[in-house]
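The values are calculated or read from the model by the stated rules, or taken from the named source; none is laboratory data. Please read these numbers as outputs of a predicted model, since none were measured by experiment. Cβ placement follows ideal geometry from the backbone for every residue including glycine, while neighbour counts extend to all protein chains displayed.
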Amino acid sequence: MTIIEGVRDGAVITTCGSFFRGAAPQWYPTDESLQTPDVVGQYLAKGWMPETGFVTTETPIVAFGSCFASNVSNYLAKRGYSVISHGEGAAYVTKMGDGMVHTHAILQQFRWAWKNEQPRVALWHGYKAERFGYDEEARLATKDLFDRAELFIITLGLSEVWYDEVTGEVFWRAPPREVFDASRHKFRLSRSDETRRNLEEIWALIQEVRPEAKVVFTISPIPLTATFRDVGCISANAVSKAILRSAMDEFYEAAEGKGTKLFYFPSYDMVMYGFDNQWTPDRRHVYTHVLDFNMKVFEHYYCVPGLPKARLDAAYHKARLLDLSVGRGGHAAVAKVDPKLLATQAADRRRKAARQRRSPRFIAALMLNKVRRRFGI
């Protein structure tokens with residue numbers, strides 16, 4: 001058998017040479033690779049970052065999409081960057097900036113704002129199933145944000161959609177229970193080709209109306225809460241994310257302006273494959289130290305003056321150390337240093353106590369104690 005040599009992390013490695021591997025293959029990292037000084041540049045961000053940063057504190061930014069979009073908005077706003085879609089406002093990308101979880105919902109906002117196109121039936125509903133109408137004030141507020149934006153950061157979340165069979169139009173989320181009509185409200189997967197076409201139209205609209213603007217697409221690592229498919233949610237989520245990632249890659253590789261005005265920020269890739277214990281106990285939310293590192297990567301590469309490399313490297317090695325601590329000692333190992341986890345645990349305790357107070361056994365014991373105190377039993 002033919003053996004060839006390669007270099008990974010400065011050391012010579014050998015592998016099967018029966019097949020051509022190119023002049024400079026990119027090797028998959030080992031555990032040791034993730035401890036090397038240039039792990040971010042070599043393994044986590046390589047090939048996706050701009051040559052130089054371009055986001056200043058004066059750059060108007062619109063960030064929206066899936067629930068992961070709020071992490072982007074909150075971090076950049078806290079660091080003093082001009083996230084004009086963050087805070088209060090009439091635009092739905094402000095009110096529901098992390099609730100537009102698929103490419104259909106995102107594309108609808110661009111069509112509505114710039115082409116004054118709206119769905120023929122009510123499709124937009126908020127976190128509590130409240131209806132978001134096609135209000136002209138909200139449309140103009142959205143148009144104003146889009147017209148001013150010099151950078152769009154758009155986060156994709158999932159591929160499962162509910163749609164109105166009569167019109168073919170897609171809901172933001174699942175239909176509210178009070179309006180659900182089984183005869184016309186249907187569920188399906190938005191497959192890779194459809195997702196790619198939506199991305200192409202979003203990019204084309206931005207180029208048409210705001211040709212000087214830049215766009216950064218990301219994919220949220222946050223998994224599905226539940227699936228409407230008749231398969232386990234783990235498998236359904238794997239398919240949902242694979243569709244997004246493959247469609248994004250196909251779109252990006254063929255897009256005009258990639259690497260200059262159009263970018264993919266690999267937040268999904270870094271969270272999923274740069275860590276081993278990235279999830280809090282609910283296995284849906286990402287640990288704060290992982291999120292913080294993720295955003296520091298963005299700041300280092302995209303922002304001016306940007307985060308110094310020494311601070312970026314320190315953030316990764318700190319996050320990696322905490323990641324390994326979870327593996328050795330469980331979630332308790334990092335609870336004291338993770339405010340988000342502490343808040344989640346406190347909320348879980350409150351919910352458990354509330355359930356106990358509503359249980360028949362608890363109510364019976366409470367009444368018995370009252371009787372005993374009253375009669376001195």
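Listing for the model above:
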{"read-out": "Unmet criterion (only one of (1) without any contact (Cβ under 8 Å) to a residue 40 or more places away in the chain; (2) in contact with a Ser or Thr (Cβ under 6 Å, 6 or more places away or on another chain)) for residue 161", "value": "(1)"}
{"read-out": "Residue in the range 186-223 that is nearest to residue 66 (Cα to Cα), counting only those that are surrounded by fewer than 17 Cβ atoms within 10 Å (Cβ to Cβ) and over 24 Å from the mean Cα position of the chain (by Cα)", "value": "186"}
{"read-out": "Single condition residue 173 does not satisfy, out of (1) within 21 Å of the chain's Cα centre (by Cα); (2) within 18 Å of residue 264 (Cβ to Cβ)", "value": "(2)"}
{"read-out": "Residue 29 being surrounded by 16 or more Cβ atoms within 10 Å (Cβ to Cβ), of a type outside the set (Val, Ile, Thr) and touching a Leu at 6+ places or on another chain (Cβ under 8 Å)", "value": "no"}
{"read-out": "Residues of the range 93-113 classified as among the hydroxyl-bearing types (Ser, Thr, Tyr) and closer than 16 Å to residue 221 by Cα, total", "value": "1"}
{"read-out": "Of all residues making up the range 221-255, the number that are not β-branched (Val, Ile, Thr) and not in a helix (DSSP H, G or I)", "value": "9"}
{"read-out": "Residue match in the range 161-179 (condition: surrounded by fewer than 23 Cβ atoms within 10 Å (Cβ to Cβ), over 28 Å from residue 71 (Cβ atoms) and either outside the structural domain of residue 243 (by TED's automatic domain parsing) or among the basic types (Lys, Arg) (or both))", "value": "yes"}
{"read-out": "Qualifying residues in the range 87-104 (those that are more than 20 Å from residue 147 (Cβ to Cβ) and either among the polar types (S, T, N, Q) or crowded, with 24+ Cβ neighbours inside 10 Å (or both)) - the one modelled with the lowest pLDDT", "value": "101"}
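Condition check ((1) modelled with pLDDT of 95 or more; (2) closer than 20 Å to residue 151 by Cβ; (3) not polar (S, T, N, Q)) across all residues:
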{"residue": "203", "(1), (2), (3)": "yes, yes, yes"}
{"residue": "208", "(1), (2), (3)": "yes, yes, yes"}
{"residue": "220", "(1), (2), (3)": "yes, yes, no"}
{"residue": "226", "(1), (2), (3)": "yes, no, yes"}
{"residue": "238", "(1), (2), (3)": "yes, no, yes"}
{"residue": "243", "(1), (2), (3)": "yes, no, yes"}
{"residue": "252", "(1), (2), (3)": "yes, yes, yes"}
{"residue": "276", "(1), (2), (3)": "yes, no, yes"}
{"residue": "282", "(1), (2), (3)": "no, no, yes"}
